[in-house]
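One structure below.
The values are calculated or read from the model by the stated rules, or taken from the named source; none is laboratory data. Everything quoted here is computed from the prediction, not taken from an experiment. A quick note on method: Cβ atoms are made from the backbone with ideal geometry, for glycine too, and the neighbour counts reach across all protein chains shown.
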Amino acid sequence: MNTVLALSGVVVKELYRRKDFYVLLVLTALITLLLGSVQFFHDDKIIRYLKEIALLLIWISGLVIAVGTTARQIPAERENRTIFPLLAKPVTRAQVVIGKFAGCWFASGLALIVFYVFFGIVVGSRENHWPFGNYLQAFWLQWSMLAIVIGLVLLGSIVFAAPSSNATICLVCIIGILLLGKHLNTIALQQPKPLGTIVYTLYFLIPHLEWYDVRELVEFDQPLIPWAYCGLASLYAAAYTSMLLFATWFMFRRKALNV
Amino acid sequence: MKNGPAYLLLMLLVTACFSLATIVQPRADRWSQRGQDSVLKVLLGDGRRLFANHFFTKADIYFHSGYYPSIFDTAQPQRENHLASHEEEHDAHDDHEKEADFLGRPKDWVERFGRHFMITKHTHLENGNEREILPWLKLSAELDPQLIDTYTVAAYWLANRMHRIREAEDFLREGLRANPNSYEILFSLGRIYYENEHDAARARNVWELGLRRWNEQEPGKKEPDKLALEELTVNLARLEENEGNLDKAIAYLEMAKKVSPAPQNLEQQIHELKQKVAAHHPAA
């Protein structure tokens, strides 16, 4: 456990030493504040467009941080040959995989906390209304989704040759699932038999990341999601993440470490 | 003195920049027809109309508090924007409710579970929250000033639901500057003058102008906008009746009767007005 925590600590330190997070935070803050300063029809109570844009920026930033940080972890260790002294210590490959995952996940969580605190302050100051429960659910579900994303990118970093190709392919898949994932069953039912079955199978196989996108519920001041369903969604994310981490370890176990 | 050539070069560059600016500026102005178009228009060109339509739909999505079908949820193409059909809202209420049940029963457990994380209840914005649709309408108008519905819809919500008459009028005036021949905008403007500002003279002027614009543009068309003509003439008739000009009111109702889908109702009104005229001029 200590080994895993030590490995993850390095990744978290990497987050605040690199510029990515600060650039994304400043950009999000700048765009949000700039749009917040615009008045439509002299009405300063209009807020939902701001919530929508700020949450969209948080989602984009969260994905970029998670994918960007994760994609370079194992390839960078191999390229710099630091993987050899790391594994020469009593550290197993499974611990490396779990440590890297935990580090990336904690780093993404820290970044999300900063983003959501900013979001809460900006929206709360305009709305004079603080739905902490909704923000907590939105944060937790997004963070749970990022666990699956990080697991997927970690697996990709073993499969694909370069971090850039891994990040690009993973982002395309993730955005594809977010946009089309929930509609695949409808599409499948409209297809002729063999194709329809394939699409429906794909629908059940993919991780349903769109469940975790509850931005609309926050934007339109909807009531809280029952916590039991949040728990079930977290279990679903945990199951997919475990499966992806197992696959990563399974492939990394036999992987030659020479570049 | 050692820096002399550098300063000279700097001066030369500054002069060159200034000269270039005087040459480029008039050409840059010509990119836009009137030399005062927004950066968005210059950058996006005609592609901005797509975004304008998207933002207009976005306003409708907001009006339904996010409960809105995607292109996958409905096999039929998206019908008229619900914001635009606000005037027939009571008649169309039942149809709208049926249409709103686009989700249907969940097809599998994934969909059933996923519905806990999305908006599944059909509600409309109310209690002043209608204001939330305005940024998208404003943005839509910025991107495509020729999208007439944006102005009329925004003005309707501003004037009738939010009681912001001045803003509604200003926005319609903005629309009229971009679309000087629009009888729809003139009709909406007249309605604000008549119903909100109770200024019958100004309302009459803009409605009559609207009627002229309609007559200039629509009669030659294969499918003229009969609804707009009916709205203009019926409202003009109502105005003239209230102002005591019964003959004019009858004339407008006669015009409306020709294009109305329910002429018998108008015939009844004409009959009543004729009786009033007869009562005022018994000798005739």
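Quick notes on this structure:
- Any hit, the stretch B:109-116, residues being free of Cβ contacts under 8 Å to residues at least 60 places away in the same chain, crowded, with 18+ Cβ neighbours inside 10 Å, closer than 21 Å to A:Tyr200 by Cα and of a type in the set (D, E, K, R): yes
- A:Val26 surrounded by fewer than 20 Cβ atoms within 10 Å (Cβ to Cβ), within 23 Å of A:Asp213 (Cβ to Cβ) and out of contact with any strand residue (DSSP E or B) (no Cβ under 9 Å at 6 or more places or on another chain): no
- Single residue of the stretch B:165-183 satisfying the filter (within 26 Å of B:Glu126 (Cβ to Cβ) and surrounded by fewer than 21 Cβ atoms within 10 Å (Cβ to Cβ)) that is nearest to the other protein chains (Cβ to nearest Cβ): B:Glu167
- Selection of helices (runs of 4 or more DSSP H) fully inside the stretch B:198-281 by the criterion of at least 1 residues being of a type in the set (Phe, Trp, Tyr) and under 13 Å from B:Tyr183 (Cα atoms) returns B:200-217.
- Test: residue in the stretch A:103-123 that is assigned to a helix (DSSP H, G or I) and touching a Lys or Arg at 6+ places or on another chain (Cβ under 6 Å): yes
- Failed item in (1) surrounded by fewer than 22 Cβ atoms within 10 Å (Cβ to Cβ); (2) small (Gly, Ala, Ser); (3) under 30 Å from A:Phe132 (Cβ atoms), with A:Ser164 passing the rest: (3)
- Meeting the requirement of 2 or more residues that are at pLDDT 95 or above, among the β-branched types (Val, Ile, Thr) and under 30 Å from A:Val123 (Cβ atoms), no helices (runs of 4 or more DSSP H) wholly within the stretch A:191-259 can be named.
- Verdict on A:Ser144 being surrounded by fewer than 19 Cβ atoms within 10 Å (Cβ to Cβ) and part of a helix (DSSP H, G or I): no
- Residues of the stretch A:33-74 classified as within 14 Å of chain B (Cβ to nearest Cβ), under 21 Å from A:Ile113 (Cβ atoms), in contact with a Phe, Trp or Tyr (Cβ under 9 Å, 6 or more places away or on another chain) and β-branched (Val, Ile, Thr), total: 0
- In the set B:Gly35, B:Gly45, only one residue is modelled with pLDDT under 90, surrounded by fewer than 17 Cβ atoms within 10 Å (Cβ to Cβ), more than 20 Å from the chain's Cα centre (by Cα) and part of a helix (DSSP H, G or I); that residue is B:Gly45.
- Condition check for A:Cys170: part of a helix (DSSP H, G or I) and more than 10 Å from chain B (Cβ to nearest Cβ): yes
- Condition met for A:Ile198 (under 30 Å from A:Glu79 (Cβ atoms), more than 7 Å from chain B (Cβ to nearest Cβ) and either under 15 Å from the mean Cα position of the chain (by Cα) or surrounded by fewer than 13 Cβ atoms within 10 Å (Cβ to Cβ) (or both)): no
- Within the stretch B:118-156, the set of residues being closer than 25 Å to A:Gln222 by Cα, more than 10 Å from every other protein chain (Cβ to nearest Cβ) and under 23 Å from the mean Cα position of the chain (by Cα) comprises B:His124, B:Glu126, B:Asn127, B:Glu130.
- With respect to the conditions (1) assigned to a helix (DSSP H, G or I); (2) at pLDDT below 90; (3) within 11 Å of chain A (Cβ to nearest Cβ), B:Asp95 falls short on a single one, namely (3).
- When we screen B:Arg115, B:Arg105 for residues that are among the basic types (Lys, Arg), more than 21 Å from the chain's Cα centre (by Cα), under 30 Å from A:Gln137 (Cα atoms) and modelled with pLDDT under 90, the only hit is B:Arg105.
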